[in-house]
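Engineer: After the structure tokens below, expect a handful of questions from me.
Coordinate-derived values only; no laboratory data. Source: prediction; values computed, not measured. Neighbour counts run over all protein chains shown; Cβ positions are idealised from the backbone, glycine included.
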Amino acid sequence: MAQTIPLSWYLAISAALFAMGALGVLIRRNPLIIFMSVELMLNAANLAFVAFARSFDVLTGQIFVFFVMTVSAAEVAVGLALIIIIFRNKHSIDVDLLNSLKG
Amino acid sequence: MESSGLLPLVPLVVLLPVAGLLINIIFGGRMNEKVIGVVASGASGLAFVVSALLGFSLWSGSGEAVVVPFADWIHIGDLNVAWNFRVDTLSVLMMLVVSGVGTLIHIYAIGYMHEDVRFKNDPGRYRRFFVFLNLFIAMMMILVSGDSYLMLFVGWEGVGLCSFLLIGFWYDMDTLGRPSFANSNAARKAFITNRIGDLGFLLAGFTMFWWFKDLSFAGVFNQAAYIASISPGVILFITLFLLVGVAGKSAQLPLYVWLPDAMAGPTPVSALIHAATMVTAGVYLVARSAPLYTLVPQAQTTVALVGGITALFAATIAVGQYDIKKVLAYSTISQLGFMVAAVGMGAFVGGMFHLVTHAFFKALLFLSAGSVILGLERGHHHLPHGNREDSHAEVFDPGDMRNMGGLRKQMPVTFWLYLIGALALAGIFPLAGFWSKDEILADAFHKFPAVYWLLTLAAFLTAFYMGRQVWMVFFGKPRHAATEHAQESPGVITIPLMILAALAIVGGGLNLPGVHSLTLWLEHTIAGVEAGEFNFLVAGLSTILALAAIALSWVLYGRHPLVEGQKDPLKKLLGPLFTVFERKYWVDEAYWAIFVNRYVDVSRFLADVIDGRFWHDWFHEKVLAGTYNWLSRTVLDLRVDQQFIDAIANGLGDLTRRISGSLRRLQNGFVRSYALAVLTGTVIILGYLILK
């Protein structure tokens, strides 16, 4: 494995994934899709972590990825519960209907 | 014991009456009337004992004046006024008269006020009367014993206050006991008239201080000759303004008008204050100031003329009076005129002699008149309708001589006492009034013929009006039912009168011609007094005139006694002139028209125009209140508050609202836009950090 893929390629993919995730969060109205986009951003961060960990040969980044995955799983559990409650109240899950805090 | 060792006792003559009045003020509420009266009389009596001891020690010693320091009073710069007592023959003579006659009147008042407070339905005032009476004795003692003109003035004002308090003793009624302001008006009249006199005294005192830098007698008299030599007008000014004070206090023309009204006070007050003692303070003042008066003959002439004219003027009024006390009041003014005339023309001993004897017989007359009045009050109460609560139309005046008549049968003791007093006043040999009046007349005959004739005529009238009074009161038949039932007074009233009567009989012995004990006594104090010669011509003429006057009064009033409702016989004889006497020359009315009403006009002008229209309506309402309202309403309220401060507050509010109005549009409620803001912010900050 003399010829390894350089770090910058990983980072480029990570940035692209993060950008796609952020765009999805900003433009979609379906909370499920938004959640998926959030997962995409988190995983873009995970990719950056492991890429750096591998490149600098330290384990900290690898371990941090596990934390992120755990937290994102918990987040999805809470988020889905919220979406169900919102649906029960509004009979819809369109996030643009949740504008009660409008000034 | 060295007799002059008694002289330091002199403060007791003031302190004892003060102690008496304090006891009566503090403990009097729990004591009965007898104890109150005994305490007050005892305080006055002890003062008399002290005065007698002082007199004894002067008599047995050298007789020269002794100054007894008592207390410091005023220290201002160079001015030092101490309360010093002066014990000399003149002051001790006055002390003896004041406390001696005062004590007898205190004792009399125990009986008199006991009945008086019951006739007037207010026994609670009994104690107050004795407190005032003791205060008067204390003040009179300060007056006669002070060693400076200032201390004399303290006493002068003090007795004026007591006079005011006691004239207005029954302040809520008139002399007949009906609700009225009459008595309190009389009290104020006395007080205000005396203020005019006191102003003269004060001006004299200021001048004295300005020129002499000293107010003590010795200090003033020692410099008087020197001041007179460099500036004679000063002494004239001082003596004439002192005369104004004398005219006020001793009821001389033109300030005598308060004394007849002062009869509103209870009779013991009339006797003590308005006959025997206080009103003689003016005579004492002139005698005390003898070293000043002898320097300015013009002032002496003025004083003598004032006294002589007053003596005659008041005597004519006394002829036309019907009130038993009013006759005596005008008689007092007339006799004070005798004394003032005497001290004015330099007959200081004669004046002081008459002062003493007059104190005896005029106190006797007033107190006997009080006994008569009480006798009629008792008779009035015995009548079937004689109840004060009844509202019967006719108000009984127990002082009106037209109601009296024949009282010598009902009140024999009072009659004899009154007769002795009247004869002494008329100047019948050998009673006290004969000797003292004659000494004045003899002196006037030598020194001042004009005054001699004035006084002789006054003496004739004196005998006449006293004769008229005695015939009207005690002879003939009772002219009122109350008079028929009149009763004699008890011993507590008549016994002091008997002592006074004895004094009125033998009082002339003080200064018998040829013996001149009073002259020898007073020459220690008053320089250059000379023993008057007994002038048989003068004495004979005045005796003949007095007897003629009494005979004339018998022809008019004794031979055919007045019957009820009859006009005064003198009215037929004199016609309008009698009316002039009866109405007192309309002096009161004239004073009202000239002074009082003008004063009221000025007061009204000041009240209505100056105070009401100028100060209140214009200055306070328009200027002060108007400016304030304009300032607060127009300037502060409308301009400053509403237009300036409110504008700032509202402007700030509007500004905030406008800013927030634009800011609220950011808060659109869409989560995505917030997320975009977060993303944008992060990108900008990161970009900045990376690219910087």
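Engineer: Scanning the range A:4-15 for residues that are of a type in the set (A, V, I, L, M, F, W, C) and without any contact (Cβ under 8 Å) to a residue 12 or more places away in the chain, which turns out nearest to the other protein chains (Cβ to nearest Cβ)? Walk me through it before giving the result.
Structural biologist: We begin by selecting, within the range A:4-15, every residue of a type in the set (A, V, I, L, M, F, W, C); these are A:5, A:7, A:9, A:11-13, A:15.
Add one more test, that the residue is without any contact (Cβ under 8 Å) to a residue 12 or more places away in the chain, and what stays is A:5, A:9, A:12.
Numbers: A:ILE5: 24, A:TRP9: 20, A:ALA12: 16 Å.
So the residue we want is A:ALA12.
Engineer: Can you find a residue that is closer than 30 Å to B:VAL117 by Cα and either assigned to a helix (DSSP H, G or I) or not aromatic (Phe, Trp, Tyr) (or both) anywhere in the range B:193-207? Spell out how you get there, then give the answer.
Structural biologist: Quick first cut of the range B:193-207, residues closer than 30 Å to B:VAL117 by Cα only: B:193-194.
So of that shortlist, the ones also either assigned to a helix (DSSP H, G or I) or not aromatic (Phe, Trp, Tyr) (or both) come out as B:193-194.
Looking through the range B:193-207, at least one residue is closer than 30 Å to B:VAL117 by Cα and either assigned to a helix (DSSP H, G or I) or not aromatic (Phe, Trp, Tyr) (or both).
Engineer: Answer yes or no: is there a residue in the range B:519-530 that is within 22 Å of B:VAL327 (Cβ to Cβ), under 31 Å from the mean Cα position of the chain (by Cα) and not in a loop (DSSP other than H, G, I, E, B).
Structural biologist: Our first condition is that a residue be within 22 Å of B:VAL327 (Cβ to Cβ); within the range B:519-530, this holds for none.
Scanning the range B:519-530 turns up no residue that is within 22 Å of B:VAL327 (Cβ to Cβ), under 31 Å from the mean Cα position of the chain (by Cα) and not in a loop (DSSP other than H, G, I, E, B).
Engineer: Of A:LEU80, A:LEU98, which residue is surrounded by 16 or more Cβ atoms within 10 Å (Cβ to Cβ) and either within 12 Å of another protein chain (Cβ to nearest Cβ) or of a type in the set (A, V, I, L, M) (or both)? Step through it out loud before you land on a result.
Structural biologist: On the way: A:LEU80 fails: surrounded by 16 or more Cβ atoms within 10 Å (Cβ to Cβ).
One residue alone meets the criteria, A:LEU98.
Engineer: Another one. Can you name every residue in the range B:29-69 that is part of a helix (DSSP H, G or I) and either in contact with a strand residue (DSSP E or B) (Cβ under 6 Å, 6 or more places away or on another chain) or β-branched (Val, Ile, Thr) (or both)?
Structural biologist: Step one: of the range B:29-69, the residues part of a helix (DSSP H, G or I) are B:29-30, B:33-60.
Of everything in the range B:29-69, those that are part of a helix (DSSP H, G or I) and either in contact with a strand residue (DSSP E or B) (Cβ under 6 Å, 6 or more places away or on another chain) or β-branched (Val, Ile, Thr) (or both) turn out to be B:VAL35, B:ILE36, B:VAL38, B:VAL39, B:VAL49, B:VAL50, B:LEU54.
Engineer: Hey, another quick one. Which condition number in (1) without any contact (Cβ under 8 Å) to a residue 24 or more places away in the chain; (2) assigned to a helix (DSSP H, G or I); (3) away from every other protein chain (no Cβ under 14 Å) is the one that A:SER92 fails?
Structural biologist: Status for A:SER92: all satisfied but (2).
Engineer: Moving to a separate point now. Quick one: which helices (runs of 4 or more DSSP H) sit completely within the range B:597-692 and have at least 3 residues that are within 14 Å of another protein chain (Cβ to nearest Cβ), touching a helix residue (DSSP H, G or I) at 6+ places or on another chain (Cβ under 7 Å) and among the hydrophobic types (A, V, I, L, M, F, W, C)? Give the steps one after another, and end with the answer.
Structural biologist: Values: elements: B:597-604, B:626-629, B:646-663, B:671-691.
Output list reads B:671-691.
Engineer: Taking the range B:369-386 on its own, how many of its residues are small (Gly, Ala, Ser), surrounded by 23 or more Cβ atoms within 10 Å (Cβ to Cβ) and in contact with a helix residue (DSSP H, G or I) (Cβ under 6 Å, 6 or more places away or on another chain)? Explain how you work it out, then say what you get.
Structural biologist: Within the range B:369-386, the subset small (Gly, Ala, Ser) is B:369-371, B:375, B:379, B:386.
So of that shortlist, the ones also surrounded by 23 or more Cβ atoms within 10 Å (Cβ to Cβ) come out as B:369-371, B:375, B:379.
Those still in the list that are in contact with a helix residue (DSSP H, G or I) (Cβ under 6 Å, 6 or more places away or on another chain) too: B:369-371, B:379.
Number of matching residues: 4.
Engineer: Another question, then. Which members of the range B:396-416 meet the condition of being in contact (Cβ under 8 Å) with a residue 12 or more places away in the chain, assigned to a helix (DSSP H, G or I) and more than 19 Å from B:LEU367 (Cβ to Cβ)?
Structural biologist: Answer for the range B:396-416, where residues must be in contact (Cβ under 8 Å) with a residue 12 or more places away in the chain, assigned to a helix (DSSP H, G or I) and more than 19 Å from B:LEU367 (Cβ to Cβ): B:ARG402, B:ASN403.
Engineer: Scan the range A:25-39 for residues that are in a helix (DSSP H, G or I) and within 14 Å of chain B (Cβ to nearest Cβ) and jot them down. Talk me through it step by step, then tell me what you get.
Structural biologist: Quick first cut of the range A:25-39, residues in a helix (DSSP H, G or I) only: A:25-27, A:31-39.
Within the range A:25-39, A:VAL25, A:LEU26, A:ILE27, A:PRO31, A:ILE33, A:ILE34, A:PHE35, A:SER37, A:VAL38 qualify.
Engineer: Here are some residues: B:PHE353, B:PHE361, B:PHE366. Which one is within 18 Å of B:TRP521 (Cβ to Cβ), part of a helix (DSSP H, G or I), in contact (Cβ under 8 Å) with a residue 12 or more places away in the chain and touching a helix residue (DSSP H, G or I) at 6+ places or on another chain (Cβ under 7 Å)? If you could, list the steps in order and put the result at the bottom.
Structural biologist: Working: B:PHE361 fails: within 18 Å of B:TRP521 (Cβ to Cβ); B:PHE366 fails: within 18 Å of B:TRP521 (Cβ to Cβ).
Step by step, each of B:PHE353, B:PHE361, B:PHE366 is checked, and only B:PHE353 is within 18 Å of B:TRP521 (Cβ to Cβ), part of a helix (DSSP H, G or I), in contact (Cβ under 8 Å) with a residue 12 or more places away in the chain and touching a helix residue (DSSP H, G or I) at 6+ places or on another chain (Cβ under 7 Å).
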